[in-house]
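Below is one structure, written out as structure tokens; comments come after it.
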Amino acid sequence: MTTGKESQQGHGGKEGGGTVRPWLRPDLSLEQRVEALLSEMTLTEKVGQTHQIANVDASLNHDLLSSGGLGSALTASGATAGNERDEGVRVSAINAAQRVAVRESRLGIPVLFGRDVIHGHRTVFPIPLGLAAAWDEDLVCRTARLAAAEATQDGVAWTFAPMLDISEEPRWGRVAESLGEAPVLAGRLGAAMVRGFQGDTPGESHTIAACAKHFVGYGLVGGGRDYETVQVGENTLRNCHLRPFRAAVEAGCATVMAAFTDVDGVPMHAHRHLLREVLKGEWGFDGVVVADWDGVGQLVNQGVAADLRDAAAQAIAAGVDIDMVSGAYAAHLAELVEAGLVPLDLVDDAARRVIRLKIRQRLFEHPYVASTTNAPGPRTESRVLAREAAAASFVLLSNNPTRSISTRDGTHKGPQEGTQGGAQKGPQYAGILPLAAKPGRVLVTGPFAQEGEALLGTWTLDGRAEDVASPAAALRARLLDGAIIDDGRFNDRTLHLVREADTTIALVGEHPSRSGEANSVTDLGLPAGQLEVLRAISALGKPLVVVVFTGRPLDLGEVLDLADAVLVAWHPGVEAGPALIETLFGDRSPGGRLPMTFPRSGGHLPSSTLARPTGRPVSPADDRVSGRYLDTLAVPRLPFGSGLTYTTFGYGTLRLSAREMPLHGGSLQASVEVTNTGSRPGREVVQLYLRDLVADVTRPLLELADWVSLVLDPGVTGTATFAITPAQLAYYDRTMTLRSDPGEAVITVGPDASSSVTARITVTG
Ligand code: BGC
């Protein structure tokens with residue numbers, strides 16, 4: 001929250017006689033303060049709290065502000081702002097607008113200023129999908145905390161993050177903003193992000209309100225085309241897509257944003273059942289539901305509302321408290337109430353929630369931005385964190401192709417029941433990485449070599465290209481004359497340089513403008529032309545490391561064959577270069593694991609760990625995926641959770657503290673010994689998957705339930721221990737009731753979703 005030195009003065013602060021207005025009294029409870037203010041408000045003022053515009057201006061919007069007609073404002077340049085640059089927030093403009101609201105309006109209610117602070121603010125961290133690859137709640141929390149501190153300096157009091165759309169559809173560009181495909185991973189990391197943004201207590205200085213978005217099902221857009229309609233039943237929503245939102249709400253997330261899409265014919269901005277009954281009712285969410293950009297207005301385009309007035313009536317009834325930029329509430333709500341078409345209670349509920357948020361965030365006490373200038377460029381400590389986060393997000397896919405983790409040869413690596421341990425992970429001999437300390441001449445080539453902007457990723461409104469430390473600069477700093485730099489503009493020259501170099505690092509992948517909102521693709525291959533260049537480089541037979549910058553899972557089948565090592569680096573942020581070069585040279589080890597399955601192609605979708613059993617499963621020895629294709633294998637190219645590092649790990653036998661677990665109050669421990677069998681220290685992410693064998697509805701074949709990170713020195717054995725409870729097997733049944741059943745379940749522990757050790761347990765009634 002902003003930490004203003006100016007206290008609230010003028011109209012808003014004291015009554016004529018000098019008594020402090022009751023909603024400002026710290027001795028009253030939150031709800032007493034909320035009700036005190038609400039009882040003073042006219043209908044128009046209540047509607048004002050539900051009205052949000054973009055880029056407020058104290059002069060242009062003077063009447064709106066002084067009449068109490070504006071509850072919140074966002075700073076964004078347009079409807080798909082994540083792909084665009086803007087001029088940043090002007091702190092003086094925020095304070096000027098706030099002064100009008102606080103000093104000139106009758107009740108002096110401050111305006112809440114929001115902006116998309118998605119993966120860092122001025123200090124840009126890896127894209128959320130990259131952060132998710134670190135499988136590290138503490139890291140995610142620290143990046144959000146730092147982003148919040150920088151954002152408050154720019155007058156931002158509310159961010160529209162975390163994005164919690166379960167993402168198993170890589171054609172959809174917005175997977176870059178997501179925390180991956182697994183409800184448990186997205187839920188835990190999302191909750192950590194909420195804690196980072198919001199701090200431990202609402203309204204602490206240097207914190208901002210968070211927003212879990214987009215509620216709900218947006219990740220299921222048809223064909224991966226952004227904004228498409230969504231066909232999904234409530235059972236799948238409850239057992240999968242709603243779960244990270246629930247985790248965020250339980251972590252105290254202040255706000256939730258409705259999704260642009262419909263769910264089985266009902267647009268989310270008009271979805272009374274999911275917003276009002278489930279989120280606000282069943283879950284007891286007392287925060288604010290905000291529309292997405294023009295989401296209320298778009299009810300007209302979606303063909304469920306005749307006009308904006310109708311849209312306003314439907315959205316307020318559904319439980320949308322703030323109308324982002326459509327103007328429908330401001331134009332029509334008061335009149336709809338007066339005409340008896342919208343009950344006053346609905347407007348009261350919305351206004352009450354906005355006021356509650358503002359009081360909780362201590363906006364009345366600190367309405368102004370304390371700083372007079374914007375956040376400066378990243379400080380040294382911020383860069384340290386940005387470098388740590390970038391390196392932690394990198395996923396090593398292969399390191400000498402003969403023993404890559406890929407299942408591209410189609411060989412099935414498990415899970416097989418009854419496996420008595422012995423899963424072995426990683427190359428058996430040293431790969432090309434890490435590069436030797438004295439590697440001779442190293443060429444870094446490709447469009448990302450000297451880039452700034454393209455390494456920041458989508459949704460980096462306040463990042464600056466000049467803040468980015470590029471791969472070329474980092475390589476040059478390390479090797480001086482031994483570094484050869486090439487931007488890859490002339491392929492023929494690149495081949496000359498490859499011949500001169502001892503090792504080539506080819507930087508390929510997507511520009512961020514190919515991912516993010518409204519950027520869907522059908523082809524999951526590298527952008528046009530890049531594969532040809534890699535083929536030509538590879539044909540020269542010299543050591544080749546390929547680094548892939550991407551906002552989505554790509555089909556990397558041929559790339560894995562062409563290169564001696566492949567590293568997925570996502571879009572890493574301001575410390576991209578040093579994090580990459582330090583990792584390639586072994587100062588750091590790649591720590592990431594894939595948070596989304598990498599399918600074989602766009603024709604293989606869906607391809608993820610969300611798959612549930614069909615009536616006719618194909619033999620596991622043939623192809624683990626239930627249905628099959630005639631022309632290709634259906635197993636993923638790279639399984640969820642996979643990633644190598646510079647050492648190897650051996651898995652021992654899966655041990656259970658008991659074979660039976662009582663349904664009520666029971667628990668058991670599953671543990672596995674993991675040995676660092678290589679010659680370098682390393683971090684292993686040991687993953688626990690569960691499967692309920694007989695349930696009331698079809699349950700996932702392999703659902704991530706937990707993970708443990710072990711950092712082990714060479715030769716050292718550690719134990720990953722998981723506490724398993726019936727709650728982890730709980731699910732919503734045909735009547736949408738949460739339950740756990742007696743019966744058999746399969747526990748799978750391993751380094752990814754395909755190579756693992758399993759055991760059966762029985763839940764006893
Ligand atoms: C996006 C949201 C974003 C909002 C405000 C919309 O286009 O879908 O994710 O928070 O704009 O910028």
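The values are calculated or read from the model by the stated rules, or taken from the named source; none is laboratory data. Worth saying up front: this structure is predicted, and the values here are computed from it rather than measured. Methodologically, a virtual Cβ is constructed for each residue, glycine included, from the backbone with ideal geometry; neighbour enumeration extends over all protein chains shown. Ligands, DNA and RNA are excluded from the accessible area calculation, which covers all protein heavy atoms including side chains. Shrake-Rupley method; radii C 1.70, N 1.55, O 1.52, S 1.80 Å.
To keep it simple, each residue is scored yes or no on (1) modelled with pLDDT under 95; (2) closer than 21 Å to G82 by Cα.
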position: T201; (1), (2): yes, no
position: Y218; (1), (2): no, yes
position: V230; (1), (2): no, no
position: L237; (1), (2): no, no
position: T255; (1), (2): no, yes
position: A258; (1), (2): no, yes
position: R272; (1), (2): no, no
position: G284; (1), (2): no, no
position: D294; (1), (2): no, yes
- [ ] Can you give me the number of residues within the stretch 360-374 that are among the aliphatic types (A, V, I, L, M) and either surrounded by fewer than 23 Cβ atoms within 10 Å (Cβ to Cβ) or in contact with a Cys (Cβ under 8 Å, 6 or more places away or on another chain) (or both)?
- [x] 1
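Every residue, every condition in (1) within 16 Å of the ligand (Cβ to nearest atom); (2) of a type in the set (V, I, T); (3) over 32 Å from the mean Cα position of the chain (by Cα); (4) buried (at least 23 other Cβ atoms within 10 Å of the Cβ), yes or no:
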| position | (1), (2), (3), (4) |
| --- | --- |
| R25 | no, no, yes, no |
| L37 | no, no, yes, yes |
| G48 | no, no, no, yes |
| S77 | yes, no, no, no |
| E84 | yes, no, no, no |
Open item on the list: Given (1) within 16 Å of the ligand (Cβ to nearest atom); (2) open to solvent by 30 Å² or more (accessible area, probe 1.4 Å), identify the lone condition not met by L60.
Closed with: (1)
Task: Search result, residues across the stretch 230-260 that are hydroxyl-bearing (S, T, Y) and within 16 Å of the ligand (Cβ to nearest atom) - done: T255
- [ ] Could you please let me know if G108 is part of a loop (DSSP other than H, G, I, E, B) and within 15 Å of the ligand (Cβ to nearest atom)?
- [x] no
TODO: Determine which single condition G457 fails, assuming it passes every other condition in (1) closer than 18 Å to I581 by Cα; (2) in contact with a His (Cβ under 7 Å, 6 or more places away or on another chain).
DONE: (1)
Task: Members of the stretch 285-341 found to be at positive phi, under 30 Å from the mean Cα position of the chain (by Cα), away from the ligand (no atom under 14 Å from the Cβ) and open to solvent by 10 Å² or more (accessible area, probe 1.4 Å), listed by number - done: G327
Task: First in the stretch 290-309 and without any contact (Cβ under 8 Å) to a residue 40 or more places away in the chain, second anywhere and open to solvent by 60 Å² or more (accessible area, probe 1.4 Å) and in a loop (DSSP other than H, G, I, E, B), Cβ under 7 Å, 6 or more apart - done: V300/D307
TODO: Determine whether the stretch 658-674 contains at least one residue that is more than 21 Å from A745 (Cα to Cα) and either assigned by TED's automatic domain parsing to the domain that holds T735 or assigned to a loop (DSSP other than H, G, I, E, B) (or both).
DONE: yes
Task: Residues satisfying the stated conditions in the stretch 103-130, i.e. open to solvent by less than 10 Å² (accessible area, probe 1.4 Å) and farther than 18 Å from C211 by Cα - done: S105, L107, G108, P110, T123, V124, F125, P126, G130
Open item on the list: Given the condition within 26 Å of G591 (Cβ to Cβ), over 12 Å from the mean Cα position of the chain (by Cα) and within 16 Å of the ligand (Cβ to nearest atom), answer yes or no: does some residue in the stretch 191-207 qualify?
Closed with: yes
- [ ] Determine the pairs where a residue that is under 24 Å from L594 (Cβ atoms), located within the stretch 724-752, has a partner that is open to solvent by 70 Å² or more (accessible area, probe 1.4 Å) with Cβ atoms under 6 Å apart, the partner being 6 or more residues away or on another chain.
- [x] V746/R760
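Condition test on R171, is it assigned to a helix (DSSP H, G or I), surrounded by fewer than 24 Cβ atoms within 10 Å (Cβ to Cβ), more than 16 Å from the ligand (Cβ to nearest atom) and in contact (Cβ under 8 Å) with a residue 40 or more places away in the chain? Let's see the steps before the verdict.
On the way: assigned to a helix (DSSP H, G or I): no; surrounded by fewer than 24 Cβ atoms within 10 Å (Cβ to Cβ): yes; more than 16 Å from the ligand (Cβ to nearest atom): yes; in contact (Cβ under 8 Å) with a residue 40 or more places away in the chain: yes.
Here the answer is no, as R171 does not meet what is asked.
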- [ ] Mind listing whichever residues of the stretch 63-75 are surrounded by fewer than 21 Cβ atoms within 10 Å (Cβ to Cβ) and small (G, A, S)?
- [x] S66, S67, G69
Task: Which numbered condition V697 misses (of (1) in the same structural domain as D752 (by TED's automatic domain parsing); (2) at pLDDT below 95; (3) not in a strand (DSSP E or B)) - done: (2)
Task: the stretch 566-607: number of residues that are surrounded by fewer than 24 Cβ atoms within 10 Å (Cβ to Cβ), small (G, A, S) and part of a loop (DSSP other than H, G, I, E, B) - done: 3
